[in-house]
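Input: a single structure, listed below in structure tokens.
The values are calculated or read from the model by the stated rules, or taken from the named source; none is laboratory data. Everything quoted here is computed from the prediction, not taken from an experiment. Because the Cβ atoms are built from the backbone with ideal geometry, glycine has one as well, and the counts that use them run over all protein chains shown.
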């Protein structure tokens, strides 16, 4: 993409409005700096927010001192290696494994019969099928009529679909789930605790359509952090950043919904009730991080007949047995909680590339390493120079 086109896209909805927002951000930042603050760290918790921020060069348009970092917003990236290894094992034993495309190339830490991903398992005859949704898998299973499992990864956004299918009893008898769902707010709190200094939160829009703005209130109040639930266009993010700075100026941190066209305060009550009926929260493992309290979804006792791991006698590791599940040298654990940026990982664009991913953050389209690799972090400084020139 031409650099000018990249800049133009930032302003595509309303260039004049975008310019005004950037000026407002500048004024607010100068007020904050006058109080002796030299740096602000704003954390996002959504892969799509990180994609927009990086793809459109928003970091380069912000005043120096405002740092946007990515938190745990990629469901594929945080899926423990154990689940990948279990899926590979089943696929090689003849059980068909249905998976989303992003998880297809997700590398495991341990090799199972010489392979480390579902893609590799399929290349040597493993039963692996890529689907776009659970319903696509269900349709195929009805024709396939053999033992099958669905690799059910995802955050709160995807789990109403799984719950609805179970409650409507549309899953075939031969079909089961590897449930690896995770909850976003507990991980956000974990990241804030570990990073130590987060001045603002850009909360995920898609997740918040389900859990609502109220789910972020305890976090904002506990840590006195301005929290804005944002949409996904460049203008959405610029407005959200301005709102965070405004709250810092006013010393009144709170939860604000910028993405009002899709998110309500209470969220989708029907979806939340369906999830609650089928799944329960438990202390779950996150790849490269470890266990986070009440951060995972698992099937309730009355639905355990649908649990793939139980069906095939695969035991999940407990906290005492859990081990660091990243390949040697991989920094995804630190990247996921915003402690470092991709360019600080010695493997980034060397041993670890989009074509040959070493770690989970390079596999998914929502992974920060994949985003930075595909949308060139080097372009940001050039975009900023072009922006400065256009304002002269």
**Complete:** Of those in region 220-235 that are at pLDDT 95 or above and assigned to a helix (DSSP H, G or I), the residue surrounded by the fewest Cβ atoms within 10 Å (Cβ to Cβ) is 222
**Prompt:** Does region 43-68 hold any residues that are more than 20 Å from residue 158 (Cβ to Cβ) and either in a helix (DSSP H, G or I) or in contact with a strand residue (DSSP E or B) (Cβ under 6 Å, 6 or more places away or on another chain) (or both), and which are they?
**Reply:** 43, 52, 53, 54, 55, 58, 59, 60, 61, 66, 67, 68
**Prompt:** If you scan region 306-336, which residues turn out to be touching a residue at least 12 places away in the same chain (Cβ under 8 Å) and either closer than 18 Å to residue 152 by Cβ or in a strand (DSSP E or B) (or both)?
**Reply:** 306, 307, 308, 309, 311, 312, 314, 316
**Request:** Determine whether residue 170 is part of a loop (DSSP other than H, G, I, E, B) and either at pLDDT 95 or above or in the same structural domain as residue 106 (by TED's automatic domain parsing) (or both).
**Result:** yes
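Taking helices (runs of 4 or more DSSP H) that fall entirely within region 69-162, which contain at least 2 residues that are surrounded by 24 or more Cβ atoms within 10 Å (Cβ to Cβ) and assigned by TED's automatic domain parsing to the domain that holds residue 322?
The helices (runs of 4 or more DSSP H) meeting that bar are 81-92, 118-123.
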**Message:** Residue under question is residue 298, and the condition is that it be touching a strand residue (DSSP E or B) at 6+ places or on another chain (Cβ under 9 Å), touching a residue at least 24 places away in the same chain (Cβ under 8 Å) and within 18 Å of residue 164 (Cβ to Cβ); does it hold?
**Reply:** yes
**Request:** Sort out which residues of region 236-251 are surrounded by fewer than 20 Cβ atoms within 10 Å (Cβ to Cβ) and either in contact (Cβ under 8 Å) with a residue 24 or more places away in the chain or over 16 Å from residue 40 (Cα atoms) (or both), and write them in order of number.
**Result:** 246, 249
**region 178-197, residues that are farther than 20 Å from residue 265 by Cα, touching a residue at least 12 places away in the same chain (Cβ under 8 Å) and surrounded by fewer than 22 Cβ atoms within 10 Å (Cβ to Cβ)** = 190, 192, 194, 195, 197
**Selected residue [at positive phi and either at pLDDT below 90 or in a helix (DSSP H, G or I) (or both)] from 387, 376** = 376
**Request:** Working only within region 344-368, note down all residues that are out of contact with any strand residue (DSSP E or B) (no Cβ under 6 Å at 6 or more places or on another chain) and assigned to a helix (DSSP H, G or I).
**Result:** 344, 360, 361
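Report whether or not residue 217 is at negative phi, touching a strand residue (DSSP E or B) at 6+ places or on another chain (Cβ under 7 Å), surrounded by fewer than 21 Cβ atoms within 10 Å (Cβ to Cβ) and modelled with pLDDT under 95.
no
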**Message:** Going through 244, 292 one at a time, which residue ends up being assigned to a helix (DSSP H, G or I) and closer than 30 Å to residue 362 by Cβ?
**Reply:** 244
